[in-house]
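A.B. asks: First the structure, then my questions, so here it is.
The values are calculated or read from the model by the stated rules, or taken from the named source; none is laboratory data. Quick caveat: nothing in here was measured; it's all calculated off a predicted structure. Glycine gets a Cβ as well: all are built from the backbone with ideal geometry, and neighbour counts include every protein chain shown. To get the accessible areas, we keep the full protein, side chains included, count just its heavy atoms, and leave off ligands, DNA and RNA. Shrake-Rupley method; radii C 1.70, N 1.55, O 1.52, S 1.80 Å.
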Amino acid sequence: MDDKIVTFQSYYDPMLAHIVRTRLEANGIQCFVADENTIGANPLYNQAVGGVKVKIFERDMEKCREILASEGDLHEQDHHEVDDDNDTYVVCPFCASTNVSNISANKKNEEWPDLLDSLANLVNPFYTQKNWHCNNCRQDFE
(Lines give C-alpha, C1' and ligand atoms only; values in the text may rest on other atoms or scores of the structure.)
Protein backbone atom coordinates (compact mmCIF):
# COMPACT_ATOMS: atom_id res chain seq x y z
CA MET A 1 0.00 0.00 0.00
CA ASP A 2 1.72 3.11 -1.30
CA ASP A 3 -1.09 5.52 -0.52
CA LYS A 4 -0.06 8.88 0.81
CA ILE A 5 -1.94 10.27 3.83
CA VAL A 6 -2.79 13.97 3.47
CA THR A 7 -4.67 16.59 5.46
CA PHE A 8 -8.17 17.02 4.07
CA GLN A 9 -9.16 19.99 6.24
CA SER A 10 -8.14 21.68 9.50
CA TYR A 11 -10.55 22.88 12.16
CA TYR A 12 -10.17 24.97 15.29
CA ASP A 13 -13.09 23.12 16.87
CA PRO A 14 -12.35 19.41 17.57
CA MET A 15 -16.07 18.61 17.59
CA LEU A 16 -16.48 19.88 14.02
CA ALA A 17 -13.51 17.75 12.93
CA HIS A 18 -15.21 14.67 14.40
CA ILE A 19 -18.50 15.51 12.69
CA VAL A 20 -16.69 15.67 9.35
CA ARG A 21 -14.84 12.43 10.15
CA THR A 22 -18.08 10.58 10.90
CA ARG A 23 -19.70 11.89 7.71
CA LEU A 24 -16.77 10.67 5.67
CA GLU A 25 -16.67 7.29 7.42
CA ALA A 26 -20.41 6.87 6.87
CA ASN A 27 -19.69 7.16 3.15
CA GLY A 28 -16.91 4.55 3.20
CA ILE A 29 -13.90 6.87 3.46
CA GLN A 30 -11.10 5.77 5.78
CA CYS A 31 -9.94 8.76 7.83
CA PHE A 32 -8.79 9.87 11.26
CA VAL A 33 -8.44 13.03 13.34
CA ALA A 34 -4.92 14.27 14.18
CA ASP A 35 -3.61 16.74 16.77
CA GLU A 36 -6.77 16.60 18.88
CA ASN A 37 -4.90 15.53 22.02
CA THR A 38 -2.22 18.18 21.59
CA ILE A 39 -4.83 20.91 21.41
CA GLY A 40 -6.88 19.30 24.16
CA ALA A 41 -3.87 19.41 26.47
CA ASN A 42 -3.20 23.08 25.71
CA PRO A 43 -5.70 25.04 23.58
CA LEU A 44 -3.11 27.78 23.03
CA TYR A 45 -1.25 25.38 20.71
CA ASN A 46 -4.20 25.56 18.29
CA GLN A 47 -2.59 28.18 16.05
CA ALA A 48 0.92 26.74 16.34
CA VAL A 49 -0.21 23.24 15.37
CA GLY A 50 -2.61 24.48 12.71
CA GLY A 51 -5.80 23.18 14.24
CA VAL A 52 -7.31 19.72 14.47
CA LYS A 53 -6.78 17.92 11.17
CA VAL A 54 -8.90 15.38 9.34
CA LYS A 55 -6.48 13.01 7.56
CA ILE A 56 -7.44 10.93 4.52
CA PHE A 57 -5.76 8.97 1.73
CA GLU A 58 -4.78 11.22 -1.15
CA ARG A 59 -6.77 9.05 -3.58
CA ASP A 60 -10.02 9.94 -1.72
CA MET A 61 -9.60 13.74 -1.86
CA GLU A 62 -12.09 14.39 -4.66
CA LYS A 63 -14.68 11.98 -3.25
CA CYS A 64 -14.43 13.69 0.17
CA ARG A 65 -15.06 17.09 -1.39
CA GLU A 66 -18.11 15.73 -3.21
CA ILE A 67 -19.49 14.18 -0.02
CA LEU A 68 -19.23 17.37 1.99
CA ALA A 69 -20.51 19.52 -0.89
CA SER A 70 -23.61 17.33 -1.27
CA GLU A 71 -24.40 17.47 2.46
CA GLY A 72 -24.12 21.25 2.79
CA ASP A 73 -21.86 23.58 4.69
CA LEU A 74 -21.44 22.65 8.34
CA HIS A 75 -20.61 26.24 9.23
CA GLU A 76 -24.20 27.31 8.47
CA GLN A 77 -25.19 25.51 11.68
CA ASP A 78 -22.57 27.29 13.80
CA HIS A 79 -23.68 29.65 16.51
CA HIS A 80 -22.41 33.20 15.97
CA GLU A 81 -22.50 36.09 18.42
CA VAL A 82 -23.06 39.51 16.89
CA ASP A 83 -21.39 42.61 18.31
CA ASP A 84 -24.11 45.26 18.47
CA ASP A 85 -21.61 48.13 18.35
CA ASN A 86 -20.37 47.41 14.83
CA ASP A 87 -22.88 44.75 13.68
CA THR A 88 -20.30 42.04 12.91
CA TYR A 89 -19.66 38.50 14.07
CA VAL A 90 -17.44 38.21 17.13
CA VAL A 91 -14.30 36.18 16.44
CA CYS A 92 -11.75 35.16 19.05
CA PRO A 93 -8.48 37.01 18.39
CA PHE A 94 -6.48 34.12 19.88
CA CYS A 95 -7.78 31.08 17.99
CA ALA A 96 -10.17 32.58 15.36
CA SER A 97 -13.13 30.62 16.72
CA THR A 98 -16.69 31.92 16.57
CA ASN A 99 -17.62 29.76 19.56
CA VAL A 100 -17.75 32.75 21.92
CA SER A 101 -20.13 33.96 24.58
CA ASN A 102 -20.80 37.38 26.06
CA ILE A 103 -19.72 37.82 29.67
CA SER A 104 -19.74 40.75 32.04
CA ALA A 105 -16.48 42.03 33.49
CA ASN A 106 -17.47 40.99 37.00
CA LYS A 107 -17.67 37.27 36.16
CA LYS A 108 -13.92 36.74 35.97
CA ASN A 109 -12.36 34.55 38.63
CA GLU A 110 -9.92 37.09 40.05
CA GLU A 111 -11.01 38.35 43.45
CA TRP A 112 -9.66 41.93 43.47
CA PRO A 113 -10.87 42.92 39.98
CA ASP A 114 -14.31 41.68 41.02
CA LEU A 115 -14.29 44.00 44.00
CA LEU A 116 -13.09 46.95 41.92
CA ASP A 117 -15.65 46.23 39.19
CA SER A 118 -18.40 46.05 41.79
CA LEU A 119 -17.38 49.41 43.25
CA ALA A 120 -17.24 50.97 39.77
CA ASN A 121 -20.71 49.61 39.02
CA LEU A 122 -22.03 51.17 42.23
CA VAL A 123 -20.81 54.57 41.06
CA ASN A 124 -22.23 54.14 37.56
CA PRO A 125 -24.70 51.21 37.53
CA PHE A 126 -25.63 51.66 33.87
CA TYR A 127 -22.12 51.15 32.50
CA THR A 128 -20.80 47.66 31.96
CA GLN A 129 -17.85 46.87 29.78
CA LYS A 130 -18.65 44.38 27.04
CA ASN A 131 -16.36 41.35 27.23
CA TRP A 132 -16.28 38.07 25.38
CA HIS A 133 -15.15 34.61 26.39
CA CYS A 134 -13.90 32.04 23.87
CA ASN A 135 -15.30 28.60 24.68
CA ASN A 136 -12.54 26.88 22.67
CA CYS A 137 -9.30 28.43 23.97
CA ARG A 138 -10.87 29.78 27.20
CA GLN A 139 -9.46 33.29 26.69
CA ASP A 140 -11.34 36.48 27.60
CA PHE A 141 -11.17 39.46 25.26
CA GLU A 142 -12.88 42.77 24.45
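A.B. asks: Taking only pairs six or more apart or across chains, which ones have beta-carbon atoms under 8 Å, a first residue in region 54-68 that is over 22 Å from Asp35 (Cα atoms), and a second residue that is assigned to a helix (DSSP H, G or I) and open to solvent by less than 100 Å² (accessible area, probe 1.4 Å)?
C.D. replies: Between residues of region 54-68 that are over 22 Å from Asp35 (Cα atoms) and residues that are assigned to a helix (DSSP H, G or I) and open to solvent by less than 100 Å² (accessible area, probe 1.4 Å), the close pairs are Ile67/Arg23; Ile67/Leu24.
A.B. asks: Further, regarding this structure: State yes or no: is Cys137 at pLDDT 70 or above, surrounded by 13 or more Cβ atoms within 10 Å (Cβ to Cβ), part of a loop (DSSP other than H, G, I, E, B) and out of contact with any Gly (no Cβ under 9 Å at 6 or more places or on another chain)? Give the steps one after another, and end with the answer.
C.D. replies: Values: at pLDDT 70 or above: no; surrounded by 13 or more Cβ atoms within 10 Å (Cβ to Cβ): yes; part of a loop (DSSP other than H, G, I, E, B): yes; out of contact with any Gly (no Cβ under 9 Å at 6 or more places or on another chain): yes.
The answer is no for Cys137.
A.B. asks: Please state which of the following conditions Ser10 fails to meet, knowing it meets all the rest: (1) surrounded by fewer than 18 Cβ atoms within 10 Å (Cβ to Cβ); (2) more than 17 Å from Asn99 (Cβ to Cβ).
C.D. replies: (2)
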